[in-house]
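Step one of this worksheet: look at the structure below.
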Amino acid sequence: MNLPSTLLGALRQFVGQTPLILWAIAIAVFTAAELVARQPVPWHRRVVNLVNGLVVLLVIFVAGPLVAGTLHWLQGSLGYKPLFLLDRYVPFAPLAALVFLLAYDLGYYWFHRWQHASSLLWRVHAVHHSETDLNATSYVRQHFLENVVQSFAVLVPLLMVVPIMPRTLAWVALISAMVQFFAHAALPIHFGPLSALLISPRLHRIHHSTDRAESDSNYASMFPLWDVVFRTYRSPSPRPERTGLHSGERLPGLWPLLSSPFRRRPATMA
C-alpha cells in the first residue's frame, strides 16, 4: 500500500465531502474585513476556533454517510414519495436554494429555541455561546455534536418533504456559509429598516449577549422574518453587547470546548 497516495486520496475525499473550502474562503474574506475595520480580536481566540472547526469538519465527514443513510432508510421503509422536487418549480438553482434555506431556517428557528430551553441540548449549544470575542471564526466555535444533532433534527425531516437537486444543494452550502460567517463577524454592520429581513453582525450579536433578556431573541440563523413572526425579534442596538455565557464561565482552549458538555457546569441557560 502506498501510504502517501492513500493519505492524499483521503484528503481529497475529506475536502469533497465537507464544506472545508467554502468555510476557508468565508473566514478569509470576513477576517480581512475585520482587519480593515480595525476590530480588536485576539489571534489566539481565532486559532482555537479554527482548530475546533477542523474537529467539527472531521465529524461532518464521518457522520455524513450516517445522515444520508438515515434519509434513504426513512424514504424506503415508509414508502414515502415527496410531494414535489423543488427544482421543478424553481428551476433557477440560486433562487431554489434561497427558498430551501427559508424553509430550513424555519425548522432551525424552533430547534434553536429548543436548544435554549432544554438543559441537555444547552450543554452542547453553550460551547457556541461561550465566545467572548465574537468574530468571523466564531461560527465554527461549536461542539462537534451540534451539527450532527441539527442534521437529524432539521435537515433530514426537511429533505423528506422538500428534496432538492445536488446543484441546488451546492448553492445552499455556498449561501449558508457566507451568511453564517458574515453574521458572526466583528463588524458594526446592520441593515436599518431591512434588519427584520436580513441577518447582520449587529443583529446577531444581540443573540450572543451575556444579558438573558437579549440572548432570548433573534434565534433565526438567516432570515429574521421568523423572529418577527414568532415575536422574538429584537432590532439592532447602537451599543456593542458583551458576549458570552450568562454564568460568566469561560472555555479558553480546545479541550474545554470539546469536553464541556460532558463535565459538570453551570446550568444557566443562554
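The values are calculated or read from the model by the stated rules, or taken from the named source; none is laboratory data. Bear in mind that the values here come from a model prediction, so they are computed numbers and not experimental data. Virtual Cβ from ideal backbone geometry, glycine too; neighbours counted across all protein chains shown. The protein model used for the area step is the full one, side chains on, heavy atoms only, and it has no ligands, DNA or RNA in it. Shrake-Rupley method; radii C 1.70, N 1.55, O 1.52, S 1.80 Å.
In the set 142, 115, only one residue is without any contact (Cβ under 8 Å) to a residue 60 or more places away in the chain and closer than 28 Å to residue 251 by Cβ; that residue is 115. The set of residues from region 205-233 being on the phi < 0 side of the Ramachandran plot and without any contact (Cβ under 8 Å) to a residue 24 or more places away in the chain comprises 207, 213, 217, 229. Scanning region 152-183 for residues that are open to solvent by less than 20 Å² (accessible area, probe 1.4 Å), of a type in the set (Gly, Ala, Ser) and out of contact with any Ser or Thr (no Cβ under 9 Å at 6 or more places or on another chain) yields a single hit, 177.
If you filter region 257-270 down to residues that are within 12 Å of residue 128 (Cα to Cα), touching a Lys or Arg at 6+ places or on another chain (Cβ under 9 Å) and at pLDDT 85 or above, you find that the one that is surrounded by the fewest Cβ atoms within 10 Å (Cβ to Cβ) is 260.
Looking across region 187-215 at every residue that is part of a loop (DSSP other than H, G, I, E, B) and of a type in the set (S, T, N, Q), the one that is surrounded by the fewest Cβ atoms within 10 Å (Cβ to Cβ) is identified as 210. Among the criteria (1) more than 13 Å from residue 137 (Cβ to Cβ); (2) of a type in the set (Phe, Trp, Tyr); (3) at pLDDT 90 or above, the one residue 80 does not fulfil is (3). Taking the criterion of being farther than 22 Å from residue 188 by Cα, at pLDDT 85 or above and not β-branched (Val, Ile, Thr), the residues of region 1-23 that qualify are 19, 20, 22. Cβ-Cβ contacts under 9 Å between residues 6 or more apart (or on different chains), taken from a first residue in region 234-254 that is part of a helix (DSSP H, G or I) to a second residue that is surrounded by 17 or more Cβ atoms within 10 Å (Cβ to Cβ), are listed as 254/48; 254/52.
Could you look through region 130-146, keep only residues that are of a type outside the set (Asp, Glu) and open to solvent by 40 Å² or more (accessible area, probe 1.4 Å), and pick out the one that is nearest to residue 245 (Cα to Cα)? Out of the qualifying residues, it is 139.
Here is the figure for region 216-246: residues that are among the acidic types (Asp, Glu) and open to solvent by 50 Å² or more (accessible area, probe 1.4 Å) total 1. For region 26-39, the set of residues classified as touching a residue at least 60 places away in the same chain (Cβ under 8 Å) and either open to solvent by 60 Å² or more (accessible area, probe 1.4 Å) or over 16 Å from the mean Cα position of the chain (by Cα) (or both) consists of 29, 31, 33, 34, 37, 39, listed by residue number. If you check 57, 71 for being under 30 Å from residue 243 (Cα atoms), open to solvent by less than 80 Å² (accessible area, probe 1.4 Å) and in a helix (DSSP H, G or I), only one passes: 57.
Of the candidates 99, 127, the single residue that is within 28 Å of residue 28 (Cβ to Cβ), out of contact with any strand residue (DSSP E or B) (no Cβ under 9 Å at 6 or more places or on another chain) and either open to solvent by less than 10 Å² (accessible area, probe 1.4 Å) or not in a loop (DSSP other than H, G, I, E, B) (or both) is 127.
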